[in-house]
Amino acid sequence: MSSPTNSRDSFHSRIGFILAAAGSAIGLGNIWGFPTQAANNGGGAFLFVYLIVTVLLAVPALYAEVYIGNQAQKNPVSALIQACGERFKNTGRNAGIIGLVGAMMMLSFYTIVAGWMLAHALSALSELFGFIDLANWLSTSSTLRNIIFTPIFLLLGAFIIHRGVHAGIERWSGRLMPILLIMLIGLVIYILQQDGAQEGVALYLIPDFNQVLEPKLIISAMGQAFFSLSIGVGGMMVYGSYMKKGQDIGKLVLSIAALDTFIAFLAGLLIIPALFVAQHAGQEVFRDGNLIGEGQLIFQILPSLFASMGSVGLIVSFSFFTLLSIAALTSTISSTEVPVSYLVEDKNINRKRATWLVSAAVFVASMTLVAFFDVLFGLVIQLLTTILQPLMSLFYFIVVGWVWQRGNQLTDLAQLQNNRKLKAFGFYLRYFCPILLIIVFINVAF
């Protein structure tokens, strides 16, 4: 059975919740994925569409997930059982377990990629101190490097998670997020002063409205906005459950979305101008209008750019990959908390043991991906981002809009409070959001 609500750990402040939830949302999708998508899909046009679909679709989905957790004050599995009521409790339980599996899937590949970031940060540091052979090994992809660095990252996450919500997640998010923001702004300022950067700024900030209605661009922007906020695997739901009732969920969600979008915007302002700086320095960056290397962009083009800057470039490279490592860590924390909270509350396992059980399971899953990398790695990412996450978010909309207490709980609450804005939002979430999300799902998945 679940633990009593009053015995649960919780966030002690609004800013603690916002920083932790924003940390969950802000990850490699923002700082790695978003700039790559923007550069391949018209720059400013992509940014314009991304902002629109974030408001229309991603923010309501985030609201629904946080709202369910906050109202139930339980882990995602128990929260969905409660929200679905006696009639649909098995559906709620199954959906909660699917979300838990999704969190484990995300962790299995995310910890591998995070290990790459950590290795590249240490590579720059090694070269700076003259350990050239070590630097070359750290910057070269290999199975051995994956076997070493994936568990290092798992241990970092486990160290924070086993300390609990306030002493672990809230405290470390409060430390890591300001560092991430300061480093990102510093890197943006540095790159914008380099030759060729202004061409990248123009591409990024001046939209070509002839491209705005291109289906490929719209689909890419919708998928990115959706994945960017880390919706659909229960991380935001469990964080919402650790926030005491009575908070203005709407304002909290807008704060998270604003911070997440701002970081993605800054990442684009860093990486797209950096590509043009590299191009100005003689590197081939674009071929037939597309980025060379696609997702491998930051491991191919940017290290060469940093290397051409001498010792200063090594410091910039270390800062950049440390930044990515921090972003990855804040995201993995929330995904790890989903199965940990379930084991603690529903299976009565103490937090320390639950943390190590989950970490061990993720390690086995990650090593399986490493062993069968070419076959499984891309497949797991595709299944999670194009199928599981959209379907789970669609389920959240249906639960909040139709199933909870056999009706639209937001609309009922709005009528009790005579709140017209909440009533309108309840209507929008009940009818428009599921339709929009089905459209996204069909286009992205098929």
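Ordered from highest to lowest accessible area with the whole protein assembly present and a 1.4 Å probe, Leu213, Leu270 read as Leu213, Leu270.
Surface composition of region 94-142: carbon plus sulfur atoms contribute 70% of the solvent-accessible area (1.4 Å probe, protein chains only, all chains present).
Exposed loop sites were defined as GluC sites (Glu not before Pro) in DSSP loop states (anything but H, G, I, E or B) carrying at most 16 other C-beta atoms within 10 Å; in the chain the longest segment without such a site runs 87-283. Ordered from largest to smallest accessible area (heavy atoms of protein chains, 1.4 Å probe), the residues Arg287, Arg145, Arg420 come out as Arg420, Arg287, Arg145. Rolling a 1.4 Å probe across all protein chains gives Phe306 an accessible area of roughly 10 Å². Stretched out straight at 0.36 nm per residue, the stretch from Leu376 to Thr140 would grow longer than its current Cα-Cα span by 82.9 nm.
For Tyr242, Tyr431, the ranking by accessible surface with the largest value first comes to Tyr431, Tyr242, using a 1.4 Å probe. Per residue, the accessible area of the chain comes to 41 Å², computed with a 1.4 Å probe over protein heavy atoms only. In whole angstrom, how far apart do the alpha carbon centroids of region 82-159 and region 322-390 sit? With region 82-159 and region 322-390 each reduced to a Cα centre, they are spaced 7 Å.
Rg/Rh for region 177-267 to two decimals, with Rh computed the Kirkwood way over all alpha-carbon pairs. Rg divided by Rh gives 1.06. Of the solvent-accessible surface of region 200-272, computed with a 1.4 Å probe and all protein chains present, 69% belongs to carbon and sulfur. Solvent-accessible surface (1.4 Å probe) assigned to Met105 amounts to roughly 40 Å². Rolling a 1.4 Å probe over the protein heavy atoms of region 309-393, with every protein chain left in place, gives an accessible area that is 70 percent carbon and sulfur. Note on region 21-175: dipole from Cβ charges, positive end direction compared against Val113, Ser78, Ile148; the farthest Cα belongs to Ser78. Working note: 222 nm ellipticity from helices only, DSSP H runs with n ≥ 4, each -39,500 (n - 2.57), summed and divided by the residues of the chain, gives -23500 deg cm²/dmol to the nearest 500. Solvent exposure of Tyr204, expressed as accessible area, is near 0 Å², computed with a probe of 1.4 Å over the protein chains only. Each Cα pair under 8 Å and six or more residues apart adds its sequence gap; the mean of these over the residue count of the chain is a relative contact order of 33 percent.
The values are calculated or read from the model by the stated rules, or taken from the named source; none is laboratory data. Keep in mind that this is a model prediction, so the values were computed, not measured. Please note: Cβ atoms are built from the backbone with ideal geometry, for glycine as well, and neighbour counts cover all protein chains shown. Protein only, heavy atoms only, side chains kept; ligands, DNA and RNA dropped before computing areas. Shrake-Rupley method; radii C 1.70, N 1.55, O 1.52, S 1.80 Å.
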